[in-house]
Ligand code: ZN
């Protein structure tokens with residue numbers, strides 16, 4: 001994951017343009033990505049896809065021709081989405097287009113302007129001071145950029161499961177050379193897709209890599225008809241720093257993904273859970289009132305709440321392999337837990353089924369258990385089976401059954417595997433209304 005982040009780091013991603021496509025092409029070497037293009041001018045809900053932005057070079061030169069600020073040194077030096085300029089400007093004219101970070105004066109801030117008609121440079125405070133002190137009568141300011149008809153690009157990978165019900169993993173990919181936000185989410189999601197391809201999951205898992213805000217809005221607009229299939233969704237980002245993992249609840253508050261995250265609080269790997277707010281990342285699109293998907297967010301630090309956020313200090317030194325690996329392992333466990341929390345129907349609801357007929361009353365047809373001859377485990381498993389048979393009436397998923405019965409989730413899952421094998425229970429094709437939102 002760290003090596004992939006290092007490969008992707010220099011690419012100049014933006015809301016539109018080549019950097020996003022180059023990033024998707026590299027991800028496609030590991031996972032089967034479909035690249036989607038949404039043409040300039042396309043209406044997506046209340047928004048319109050703008051012209052595509054391209055940039056080739058940018059600098060501020062002094063009278064001697066030296067590049068005092070150089071795009072080739074860092075793509076953060078140009079305000080992302082800047083219009084073109086090539087002019088000799090006085091200090092008074094130039095300084096109104098310069099951005100520095102008051103909190104991180106030594107770093108280059110990350111700034112964007114996607115919907116205005118302006119340009120700008122982002123510089124460190126020392127760079128600003130040296131421009132100020134240079135006493136040059138004018139500076140050669142050059143941004144070789146264009147806004148032309150094109151498209152907004154996103155990528156998705158669909159990994160089919162046994163069911164058409166879906167789990168959605170989303171991450172934004174529009175930031176240039178910044179590591180925690182958003183390369184950490186991209187590489188963890190890619191690693192999850194790589195792992196899930198080798199697994200036999202119940203749910204179909206869909207991965208979406210899209211530019212923040214407008215990419216999520218375009219994806220939702222294009223996929224409105226399929227939203228009913230989404231049983232749980234998760235926004236992954238900020239997963240490479242050393243803060244503890246934090247889960248932000250969906251707008252629904254107690255949907256499957258929220259309950260699955262809550263059930264992992266005791267594991268010690270999840271530091272905290274916070275309630276839904278209509279701020280932050282694209283969870284606010286997935287949890288807008290008309291969409292209202294069961295969609296949570298997993299980060300370590302929260303956006304805007306760490307000093308390196310949106311500056312050149314959010315670089316490859318700020319993230320670690322170890323943090324990425326821990327985040328990945330937690331995500332995989334969370335996804336497996338969600339995947340296993342199926343809604344079941346007891347196929348023999350009229351009084352108890354005769355478990356002896358299925359060899360489930362004594363030995364449970366479980367060779368692993370028999371070899372261990374663990375009588376206590378067998379008793380526990382039988383208890384779990386009785387709970388499951390009683391509560392599997394199509395109104396609850398396995399996590400809810402675990403909560404109501406106070407049975408261990410993994411034990412209930414083992415009981416479900418045995419009962420499924422003997423066709424005593426069946427997965428429900430429907431999501432109980434209370435569990436999902438109300439997509440319209
Ligand atoms: Zn950001």
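Coordinate-derived values only; no laboratory data. Since we're looking at a predicted model, the values are computed, not measured. All Cβ positions, glycine included, derive from the backbone under ideal geometry; neighbour counts span all protein chains shown.
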Fewest-first ranking of 91, 219, using other Cβ atoms within 10 Å as the exposure measure: 91, 219
Using the beta-carbon distance between residue 265 and residue 199 and R0 = 22 Å, what value does 1/(1 + (r/R0)^6) give for FRET efficiency, to the nearest 0.05? 0.35
Ordering 122-134, 390-402 by per-residue average of other C-beta atoms within 10 angstrom, highest first, gives 390-402, 122-134
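Find the eigenvalues of the gyration tensor of the Cα atoms of segment 153-238, then list the square roots of 5 times those eigenvalues as equivalent ellipsoid semi-axes, largest first, in whole angstrom.
22, 17, 9
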Between 37, 149, 29, which gets the highest mean-square fluctuation from a Gaussian network model of the chain, Cα cutoff 10 Å? 29
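Which value at 222 nm does the chain reach when only helices count, each DSSP H run of 4 or more adding -39,500 (n - 2.57), with the total divided by all residues and rounded to the nearest 500 deg cm²/dmol?
-8500 deg cm²/dmol
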Please report the equivalent ellipsoid semi-axes of segment 80-191, computed as sqrt(5 x eigenvalue) of the Cα gyration tensor, largest first, in whole Å. 40, 18, 9
Give the distance, in whole Å, between the Cα centre of segment 23-78 and the Cα centre of segment 260-317. 25 Å
Relative exposure of 172, 413, judged by other C-beta atoms within 10 Å (fewest first): 413, 172
Sort the chain into rounded, prolate or oblate with this rule: let a ≥ b ≥ c be the square roots of the eigenvalues of the Cα gyration tensor; rounded if a/c is under 1.5, and if a/c is not under 1.5, prolate when a/b is larger than b/c, oblate otherwise. prolate
Out of all DSSP beta bridges in the chain, what portion is antiparallel? Express it as a percent rounded to 5. 65 percent
Taking Cα atoms, how many degrees apart are the long axis of helix 409-421 and the longest axis of the chain, rounded to 10 and kept between 0 and 90? 60 degrees
So, for the Cα atoms of segment 32-84, Rg and Dmax in Å stand at 16.7, 51
Acute angle (nearest 10 degrees) that the helix 185-197 long axis makes with the longest principal axis of the chain, alpha-carbon atoms: 30 degrees
Ranked 387, 47, criterion: other C-beta atoms within 10 Å, fewest first: 47, 387
Between segment 157-222 and segment 324-351, how far is it from one alpha carbon centroid to the other, in angstrom? 19 Å
Suppose the Debye formula is applied to equal point scatterers at every Cα of segment 106-265; what is log10 I(q)/I(0) at q = 0.10, 0.15, 0.19, 0.20 Å⁻¹? -0.53, -0.97, -1.35, -1.45
Looking at segment 225-362 only, what percent of DSSP beta bridges run antiparallel? Nearest 5 please. 25 percent
